Structures are given as C-alpha cells and as structure tokens.
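Shown next, in structure tokens, is the structure this report addresses.
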Amino acid sequence: MSEPLDEILNVVVGNFNQWITIFLMVAGLYVVVARGNMVKKLVGLSIFQTSVYLLYISPGKILGGTPPIITDGVEVYSNPLPHVLILTAIVVGVATLALGLGLVVRINEAYGTIEEEEIFDQGSDE
Amino acid sequence: MVLLTLMALVVIGVVRLRNLFAVVILSSAYSFLMASVLIVLDAVDVAMTEAAVGAGVSTVLMLAALYLTKVEEAAPRHTPLLPMFVAVVIGAALVYGSVDMPNFGDAFTPVNTHVGSGYLVRSIPETGVDNVVSSVLASYRGYDTLGETVVVFTAGIGVLLLLRRNKRSRSKD
C-alpha cells in the first residue's frame with residue numbers, strides 16, 4: 001500500500017471511536033434543541049449521555065488487553081477506572097431520566113400537551 | 001467498528017422518526033448495541049449495567065410515560081436550520097480536536113498510565129478482590145457510590161412527590 005493512503009487509514013482507524021462518539025453527541029444535542037416534543041427531548045438527552053460513556057470507555061481499552069478481572073497468566077488489562085465512573089453515571093442517568101419523565105407527565109396533566117410550542121401558545125392566549 | 005456504525009444509523013432513525021413509540025423502541029435497541037460495544041471495549045460490568053438499566057428500566061419508564069401522554073409527535077413549525085448549523089459547527093470543532101488525541105488501544109497514553117494501572121497493581125494486596133472494577137467501586141471510591149445512591153434517592157423522592165400531587169389535584173376536580 002502507498003505511504004499517504006496508509007497514513008490516512010491509520011488516522012481513521014485510530015480515531016473512529018471518537019468520531020462516532022462526536023456524532024452521537026451532536027445528534028443528541030440537535031434533538032434536544034430542535035425538537036419541541038418533551039419525550040423526544042429526553043431521548044435526545046439520553047443519547048447525549050450514552051455518547052459520554054463511549055467517550056470515557058474507549059480510551060481505557062488497550063489492544064490485546066482483557067477485562068480488568070485479575071486472573072493467572074494474563075498480563076494486560078484494560079483500565080478499570082473509567083468503567084467505575086461510567087457505572088455511576090449510568091445509574092444516575094436513569095434516575096434523572098425518571099425525574100424528567102415524571103415532570104413530562106405532570107406537564108401533560110397541567111397543559112394537556114407535551115409539545116413546547118403548544119404550551120407557549122396557551123401562555124400567550126391568556 | 002460495524003457495531004459503532006450500526007449505532008450511528010439507529011440514531012439517525014431516532015432523529016427522523018416522529019412516532020414516539022418507534023423512537024423509544026429504537027433507543028432500546030441502541031442501548032443493546034451500546035452494551036455490545038462496551039463488551040468489545042472490555043467493560044463487562046458496564047455492559048451488564050447498560051443492558052439492564054439502559055435497555056430495560058429506561059425503556060419501561062419511557063413506555064409508561066408514553067402511556068400517560070401522547071404517542072405522536074407534532075410536525076416541527078420552525079425550520080431546524082439554526083440548530084443544525086450549531087450542531088455541525090460543534091461537531092466539526094470536536095473532530096478537529098480529536099485528530100490530536102492518542103490512537104485507539106494505545107497502552108501508554110496518560111489515561112492508562114496513572115491511577116488506573118495503580119489500581120490494577122494494588123487491588124489484590126490491599127483488598128483481596130479479583131474484580132478490580134468492584135474493588136475500586138466499593139473500596140477506593142466508596143464515597144462516589146454513596147453520592148450516587150443519594151442522587152437516586154433524591155430522584156425517587158422527586159418522582160413520588162410529582163406524581164402524588166397529581167392524584168390530589170385530580171380528586172379536587
């Protein structure tokens with residue numbers, strides 16, 4: 001294979017995880033900002049959140065490593081610290097999601113809709 | 001790499017679909033894909049949690065919320081050009097920054113040479129636990145876990161209060 005092509009391939013393979021992470025993050029951000037439906041916003045928020053899991057876990061992976069459970073005859077383990085941090089993040093994430101959905105249900109009771117625009121309309125009528 | 005690409009495709013589906021039921025099911029599939037990716041990245045504990053919590057509990061919560069509200073999303077009234085522009089600019093900036101990051105799977109990055117490897121060495125002599133993730137979670141970073149349970153507890157109280165007030169106002173009507 002020719003030299004420059006090899007180099008480009010190296011950059012792509014080395015950064016592919018990060019690019020997907022960035023794509024997920026940006027897509028989540030877009031959903032949160034552009035969509036008026038509140039359940040959709042929460043789905044976008046959780047996509048944003050899962051992209052952060054990927055952001056933390058992928059630098060901790062070592063090629064040729066195994067999961068960080070100490071066993072005889074294994075020398076290389078992946079980094080355990082990001083795993084711990086993300087375990088905490090997942091559980092906190094579902095707690096905040098539950099709270100958000102509770103708020104959505106409450107808003108639906110109060111306004112009869114979960115669309116942002118329709119709620120704004122109701123406010124301007126008064 | 002295939003899994004990651006599949007995940008990106010599912011997310012495009014989530015962004016484009018307007019039926020919220022389909023969106024919720026797709027996000028559940030997305031969580032399972034994320035769990036598979038995490039297994040490939042050696043994070044087995046995280047993968048189990050993600051499959052149980054992300055794909056299981058979150059989906060149930062979302063479906064419950066949909067049952068109490070509406071399933072169809074209204075058509076957007078504004079053109080999404082400005083958010084799209086913001087998203088693309090941020091994405092481009094992040095991609096530009098990512099080129100300088102260390103390559104995937106490298107063992108000698110700053111991330112992998114400081115505390116992480118220290119925990120791997122110290123876990124057996126200091127705590128006697130084989131699974132380094134659980135020893136760090138419960139022993140070295142026990143306070144993090146305590147804080148986490150406080151957050152979950154607070155969120156639980158919040159949800160209870162929200163839905164309880166609900167019932168009272170209904171009985172008034």
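Every number in this text was worked out from the coordinates using simple rules, so none of it is lab data. Values in this document were obtained by computation on a predicted structure and should not be read as measured data. Positions of Cβ are backbone-derived with ideal geometry, glycine not excepted, and every protein chain shown enters the neighbour counts.
How about region B:97-148: which helices (runs of 4 or more DSSP H) wholly inside it have at least 3 residues that are without any contact (Cβ under 8 Å) to a residue 40 or more places away in the chain and among the hydrophobic types (A, V, I, L, M, F, W, C)? I'd like the intermediate steps shown before the answer.
Numbers: elements: B:110-113, B:115-127, B:132-135.
Answer list for region B:97-148: B:115-127.
Every residue in region B:51-85 that is at the interface with chain A (Cβ under 7 Å from one of its Cβ atoms), more than 19 Å from A:Val52 (Cβ to Cβ) and of a type in the set (Val, Ile, Thr), please.
Once the filter is applied, which keeps residues that are at the interface with chain A (Cβ under 7 Å from one of its Cβ atoms), more than 19 Å from A:Val52 (Cβ to Cβ) and of a type in the set (Val, Ile, Thr), region B:51-85 yields only B:Thr69.
Given the condition without any contact (Cβ under 8 Å) to a residue 40 or more places away in the chain, within 7 Å of chain B (Cβ to nearest Cβ) and either outside any helix (DSSP H, G or I) or within 27 Å of B:Gly91 (Cα to Cα) (or both), answer yes or no: does some residue in region A:95-116 qualify?
Yes, that holds for at least one residue.
Just to be sure before I move on: is A:Asp121 of a type in the set (D, E, K, R) and not in a helix (DSSP H, G or I) in the structure I sent?
Values: of a type in the set (D, E, K, R): yes; not in a helix (DSSP H, G or I): no.
Judged against the criteria, A:Asp121 is not a match.
Return only the number of the condition from (1) surrounded by fewer than 11 Cβ atoms within 10 Å (Cβ to Cβ); (2) within 23 Å of the chain's Cα centre (by Cα); (3) of a type outside the set (S, T, N, Q) that B:Gly128 does not satisfy.
(2)
Mind checking which pairs have a first residue in region A:24-37 that is under 17 Å from A:Val52 (Cβ atoms) and more than 7 Å from every other protein chain (Cβ to nearest Cβ) and a second that is in a helix (DSSP H, G or I) and polar (S, T, N, Q), Cβ under 8 Å, 6 or more apart or different chains?
A:Met25/A:Ser51; A:Gly28/A:Ser46; A:Gly28/A:Gln49; A:Gly28/A:Ser51
Output the residues belonging to region B:1-40 that are β-branched (Val, Ile, Thr) and assigned to a strand (DSSP E or B). Don't jump to the end; show me each part of the working.
Residues of region B:1-40 that are β-branched (Val, Ile, Thr), as a first pass: B:2, B:5, B:10-12, B:14-15, B:23-25, B:37, B:39-40.
Across region B:1-40, there are no qualifying residues.
Based on this model, can you work out whether B:Leu82 counts as within 29 Å of A:Pro67 (Cβ to Cβ) and in a helix (DSSP H, G or I)? If you could, list the steps in order and put the result at the bottom.
Numbers: within 29 Å of A:Pro67 (Cβ to Cβ): no; in a helix (DSSP H, G or I): yes.
So B:Leu82 fails the test.
Which count do you get for residues in region B:41-54 that are assigned to a helix (DSSP H, G or I) and surrounded by 17 or more Cβ atoms within 10 Å (Cβ to Cβ)?
Within region B:41-54, the subset assigned to a helix (DSSP H, G or I) is B:44-54.
Add one more test, that the residue is surrounded by 17 or more Cβ atoms within 10 Å (Cβ to Cβ), and what stays is B:44-47, B:49-51, B:53-54.
Residues in region B:41-54 being assigned to a helix (DSSP H, G or I) and surrounded by 17 or more Cβ atoms within 10 Å (Cβ to Cβ): 9 in total.
Given (1) touching a Gly at 6+ places or on another chain (Cβ under 9 Å); (2) surrounded by 14 or more Cβ atoms within 10 Å (Cβ to Cβ); (3) within 23 Å of A:Val26 (Cβ to Cβ), where does B:His78 come up short, assuming only one miss?
(2)
Identify the residue in region A:67-88 that is polar (S, T, N, Q) and assigned to a loop (DSSP other than H, G, I, E, B) and, among all such residues, is surrounded by the most Cβ atoms within 10 Å (Cβ to Cβ).
The first filter runs over region A:67-88 and keeps only residues polar (S, T, N, Q), leaving A:71, A:78-79, A:88.
Now drop any that are not assigned to a loop (DSSP other than H, G, I, E, B), which leaves A:71, A:78-79.
Working: A:Thr71: 9, A:Ser78: 26, A:Asn79: 29.
Once the filter is applied, the top-ranked residue is A:Asn79.
If a residue must be at the interface with chain A (Cβ under 7 Å from one of its Cβ atoms) and surrounded by fewer than 21 Cβ atoms within 10 Å (Cβ to Cβ), how many such residues does region B:5-29 contain?
Total meeting the criteria: 2.
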